[in-house]
Each structure stands twice: as structure tokens, then as C-alpha cells.
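Asker: Here it is: the structure, laid out below.
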Amino acid sequence: MPAAQTVAIDEGSEGQRLDNFLVKLLKGVPKTHVYRVIRSGEVRVNKGRASADTRLALGDLVRVPPVRMADPTTAPAAPAREFPVVHEDEHLIAINKPAGVAVHGGSGVSSGVIEQLRQARPTARFLELVHRLDKETSGLLLIAKKRSALVALQDQFRGRETGKTYAALVIGAWPAKKKVIDVALHKFLTAEGERRVRAVDDDHDEGRRSITLVSVVQAYAGFTLLDVTIKTGRTHQIRVHLASEGHPIAGDEKYGDFALNKALAKGDAVKGQRFERMFLHARRLRFQHPASGEAIELLAPLPAECEAFLQALPPVETP
């Protein structure tokens, strides 16, 4: 059993709730135990008792009682990895995330972007995800390098003050007049414990209103390239909304056309052109810089495999 320790709050933890600080510090300790030691008064902030929602200030001294932690040698370290950087300054990093990489570990994934980036930058005092992208989605992802930047950027995302545009290739001919999808979504777990989302009627007890804006970029034989902007940030929103309109995203393994996906992966759907991922890419992101307030607009070009697939498709002239 380790001894009690006293931890001084630095810039990386300033403003964080006490419970969240302890969960991160005491990796492997169940959350129930973390809350138990807080309630018991074993955790002290500046020698006084504190509640779970206490906000920590720079220079605070937190007494952390001895707790038995998971053996760190039993868990493999995340591999160090850098990602293509679109923008970086002292407050934030914007990367172009590849498809197939989770943004963080968990749910059967040992490590993701944030763990791998921390390993690659061991001297970085603070690296936290501002928002998330699905594992299968590529494109722009923001990482905060200071807690103040994290809070400011997450406030913008929550307030829908950011502009996010995705490139999505859907199956079939998308009707050009269909520009708004305003359909409620319901999140649930399958019998196997997997997270899923479905479109439901507006009066569904657990449905949440969800709005997606769509515009046609280019029609192809059997496919349509869309620009998609979300006005609400629901889990799997774009994927479920497009599929609910009868035009799932090419390569979507959860909500797509499974037979066509298989043919795409084998190179049978488009002769000589294999496509083995979901065609959803966060291509544009607009926000206010968390320190200067300057309007920032970032662009991430389509990945090479997406561009190559589009080049292999015969375009269709729209009337």
C-alpha cells in the first residue's frame, strides 16, 4: 500500500473538479472508491475537507490518501505517435486524424490519439481532447494544451458556436432539394452492450431533437458526395441521419449497406478500386481562438484513399 501524498495543483489541473482530478491521478482505482475517500474526509484540500465538486485553484495542496492502485506493469504502454498537424500554438493543437484510430482508449481499445500523443510528447504538461470523432471518421480534431483553452473551446462546442463541415459519400442519388434533416435520435445499447443510435418520431420519450444540414457537392454513378454540417452534436448523428433518408455512408459498418460495403472492400463494386473505410471526413472547422478571440478556420483535405476512390467514379451531370 503506497503512502499518502500531497500534490500541488499546477496549471494543468487548475480549475478541475476534485473528483475528476483524483480519477485521473489514481489510474486504475474504481470511481466508487474515489468518491468514498472524498466523502470520508481522507482527501484534504489545503488541510481542509472538500466535496467532490470543489474546483481546484493554482497552488492548492491536495492530500491524497494511500489507495491500492492497479499494477501499471500489467497494462501495455500506449505507442508514441505524432499525427499530421494542421495548426499548433501554445494553447492548442489541431490534427488531421486518420480513419481507424480511436480518439481515446476504452471499450476494447487499449489506446487512442490522446494516449499516443502524450507518449510522443512526454514533456507536455497538459494535453486533453476538446471534442471527439468516431474511430472510423477522419479529419480535424482539436487538442487543448492548457486547461483554460480546454474550457473555452468546449464552451464554444456546447454553445454550437463552432462551424464543423464533413465530407460524406453516400450511396445512391441524394435529392438536391433535401437540405435539412430534422429527425430525433435515440441512443441505446444492443444486447451485446454496443452503443447504437436510431431515428425516432418527435414524440418518442427518449428521442432528442437533432438537426443536420446537407448540400450536394458532386453526383456520381451510384453515389453522391455531400457537405454536411451538424447543428446538434448527437452520437453518430450524421451516420444515422443520412441512413434514415435511405442514403447510408459508403463503408459504414454500423448503419450502412453491408453487402455493398463488402463489395467495395473487395474491389467488386467499383472495378479495380478497393475502398475499405467509411467515407466520412471532418474537412473544415471554424472557432474563436481561446486566448486571442481571433476567428480561426482550418481545412483538412480529403485523405488519399478517398480522393482515389472519387477519381474512379464516373461523375453525373446535375440538371
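The values are calculated or read from the model by the stated rules, or taken from the named source; none is laboratory data. All values derive from a computational prediction rather than experimental measurement. Counting neighbours? That spans all protein chains shown, and the Cβs are built from the backbone with ideal geometry, glycine included. Remember, those area values only see protein heavy atoms, side chains included, never the ligands or the DNA or RNA. Shrake-Rupley method; radii C 1.70, N 1.55, O 1.52, S 1.80 Å.
Asker: Structure shown: which of 146/187; 187/266; 24/97; 97/254 lie over 28 Å apart, alpha-carbon to alpha-carbon?
Answerer: Over 28 Å Cα-Cα: 146/187; 187/266.
Asker: A further question on this structure: As a check on your grasp of the helix formula, calculate [θ] at 222 nm for the chain: sum -39500 (n - 2.57) over DSSP H runs of n ≥ 4, divide by the residue count, round to the nearest 500.
Answerer: Helices in the chain give a 222 nm mean residue ellipticity of -5500 deg cm²/dmol.
Asker: Let me ask you something else. Determine which aspartates and glutamates satisfy two conditions relative to residue 47: a Cα distance under 20 Å, and not lying fewer than 8 residues away in the same chain.
Answerer: Answer for residue 47, where 20 Å is the Cα cut-off: 10, 14, 19, 60, listed by chain and number.
Asker: If each of residue 110 and residue 77 carries a label point 7 Å out from its Cα toward its Cβ, how far apart are those two points in nm?
Answerer: 1.3 nm
Asker: Same structure, new question: Out of all DSSP beta bridges in the chain, what portion is antiparallel? Express it as a percent rounded to 5.
Answerer: Among the beta bridges of the chain, antiparallel pairing accounts for roughly 95 percent.
Asker: Next question. Enumerate the calculated ³J(HN,Hα) couplings along segment 165-173 in order (Karplus 6.51 cos²θ - 1.76 cosθ + 1.60, θ = phi - 60°), each rounded to whole Hz, writing x wherever the residue is Gly or Pro.
Answerer: Karplus values, whole Hz, x for Gly and Pro: 10, 10, 9, 9, 9, 10, 7, x, 8.
Asker: OK, next. About the Cα centre of the chain, what is the dipole size in debye to 20, counting +1 per Lys and Arg Cβ and -1 per Asp and Glu Cβ, all else neutral?
Answerer: The calculation lands at about 800 debye.
Asker: Segment 237-298 to segment 101-171: how many Å between their Cα centroids?
Answerer: 17 Å
Asker: What shape does segment 80-174 take by its C-alpha gyration tensor, where a ≥ b ≥ c are the square roots of the eigenvalues and a/c under 1.5 counts as rounded, a/b above b/c as prolate, and the rest as oblate?
Answerer: In terms of gyration-tensor shape, oblate.
Asker: Points 7 angstrom from Cα along the Cβ direction at residue 124 and residue 312: gap in nanometres?
Answerer: 3.5 nm
Asker: Would you rank 33, 241 by solvent-accessible area, highest first, keeping every protein chain in place and using a 1.4 Å probe?
Answerer: 33, 241
Asker: Something else now. Does segment 12-140 come out rounded, prolate or oblate by the C-alpha gyration tensor, with a ≥ b ≥ c the root eigenvalues, rounded set by a/c under 1.5 and, if not, prolate when a/b is larger than b/c and oblate if not?
Answerer: In terms of gyration-tensor shape, prolate.
Asker: Expressed as a rounded percentage, what relative contact order does the chain have, with Cα pairs under 8 Å and six or more residues apart?
Answerer: For the chain, the relative contact order is 14 percent.
Asker: Moving on to the next point. The list (1) -0.38, -0.60, -1.25; (2) -0.51, -0.65, -1.24; (3) -0.35, -0.57, -1.40 gives values of log10 I(q)/I(0) by the Debye sum over Cα atoms at q = 0.07, 0.09, 0.16 Å⁻¹, and only one came from this structure; which label was calculated from it?
Answerer: Computed from the coordinates, log10 I(q)/I(0) by the Debye sum over Cα atoms at q = 0.07, 0.09, 0.16 Å⁻¹ corresponds to (3).
Asker: Out of residues 5 or more away from residue 87 or on other chains, whose amide H comes under 5 Å of its own, with H placed 1.01 Å from N in the peptide plane?
Answerer: Those qualifying (amide H under 5 Å, at least 5 residues apart or on another chain) are 94.
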